[in-house]
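Notes to accompany the following structure.
Here, each number is a calculation from the coordinates, and none is a lab measurement. In this text the structure is predicted, and so the values were computed from the model without any measurement. Cβ placement follows ideal geometry from the backbone for every residue including glycine, while neighbour counts extend to all protein chains displayed.
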Amino acid sequence: MKAKSIEQPVKDIVYPKQEVARNSNRNNKWQRLKRDMKKAKHYYLLMAPFMVIFLLFTIVPVVASFVLSFFSFNMLEMPKFVGWDNYSRLFLSDDVFMTALRNTLVFAAITGPLSYIACFIFAWIINELSPKIRAFMTVIFYAPSIAGNVFFIWLIIFSGDAYGYLNGFLMEFGIILESIQWLRDEQYVLGVVILVQLWLSLGTSFIAFIAGLQTLDKSLIEAGAIDGIRNRWQELWYITLPSMKPQLLFGAVMQITQSFAVADISIALAGFPSVNYAAHTVVTHLMDYGTIRFEMGYASAIATVLFLLMVGTNILVQKLLRKVGT
C-alpha cells in the first residue's frame, strides 16, 4: 500500500510538467510562426496571386478528380456513387488500358533516363564553349522543343511509300526491297514515337542545366584541384553534380512528367487510336474517355492512377539524386 501511495503522486507531478513543456513549445512555435509571417508579409502578398491561381487550377482540380473517380458521371446526369468500381474495371476489365499502361511504362523507362542524361551531357559540353557559340548552340538544341507543329517533318521521313526519306534511303542501298509502313505497323510505331520524343526532349531541363552550370562557383573547382581532384570526371562527380542538386531535381521532375504525359506525338504520328493500340498511352486513353465518351468518373480514375504513378516515380528518383556526390 505504501508503494502505491508513494508512486502515484510522483506520476501526478511528472505528467503535468511534461504537458506544460509541450504546450509551451507549441505556443513558442506558433508565436514564432506568426512573427515570421508578419515580418515577411510583403513576400506573402507578392506570392498571393500565384498561390490563388495554383489553388484554383491545380489543387482543386486534382482533389475534385480524385473524388469524382468514385462516381459514375456522364456530364448529363447527376453523379452516382460507385465506390471502387471504376478502379476494378480499369485493372480487371479494360484490356486497352493495360496495353496503354505497358506502352507508357516502356516509353517512360526509355525516354525518361535517356533524355535526362542527354540534357545534362549536351548542357555540360555546350557550357565549355565561348559565350557567343554557347548562346547559338543553346538555341539550336532548344528550338525543337518550342517549335510548333514539327511532326510533319517526321511524317515525311517515316512515310510508308517509296517517297519517304527513310524508305528511299534504305531502298537506295539495297537494305530493303519494298517500302515499310513505319507508322502503320505495330512492330515499328512505338519505336518511332520514342525516337521523335527523344529528339524533342532537350527542353526545360536542358535550359535549367545550362543555368546551373553557369552559376557554378568557380572557387569550388579551384579548391577541388588543391584537394586532389585531377581530371574533369572527378570534378563532375565531386563538385559539379553536388552543386547542381536543385537543377537536377527540377530536371528530373520535368523529364518524368514529360515521359509519362506523352500524347500529342503519338496522336500526330500514329493516329488516334493507333493501329492495334500499339502507341496508345495512358493519356490518350484518358482523352478517349474524358473528351470523346464523356465518362468523367472513369476518366478521373485513369487520371488518378497516372498522378500516383508520376508522384511515386518522382519520389524514387529524387531519393536517388540526393545521394549524388555524397
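For the chain, what is the mean residue ellipticity at 222 nm derived from helices alone (per DSSP H run of n ≥ 4: -39500 (n - 2.57); sum divided by total residues; nearest 500 deg cm²/dmol)? Intermediate values should be presented prior to the final figure.
Details: 16 runs with 224 residues, N = 326.
Per the formula, -22000 deg cm²/dmol.
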If you filter segment 222-326 for trypsin sites (Lys or Arg not before Pro), then keep DSSP loop positions with at most 14 other Cβ within 10 Å, what is left? 230, 293, 322, 323
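Do any of 41/245; 132/245; 38/218 go past 32 Å between their Cα atoms, and which?
Numbers: 41/245 29 Å; 132/245 27 Å; 38/218 38 Å.
Result: 38/218 exceed 32 Å.
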Would you mind pulling out the separation of the Cα centroids of segment 51-74 and segment 119-135, in Å? 41 Å
Between residue 151 and residue 170, how many nm apart are label points set 7 Å from Cα along the C-beta direction? 2.2 nm
Nearest 10 degrees is fine. How inclined is helix 245-260 to the longest principal axis of the chain, computing both from alpha carbons? 50 degrees
For 227, 185, order by how many other beta-carbon atoms lie within 10 Å, fewest first: 227, 185
Tell me the relative contact order for the chain as a rounded percent, counting alpha carbon contacts under 8 Å between residues six or more apart. 25 percent
Percentage relative contact order, segment 208-326, counting C-alpha pairs under 8 Å, at least six apart: 29 percent
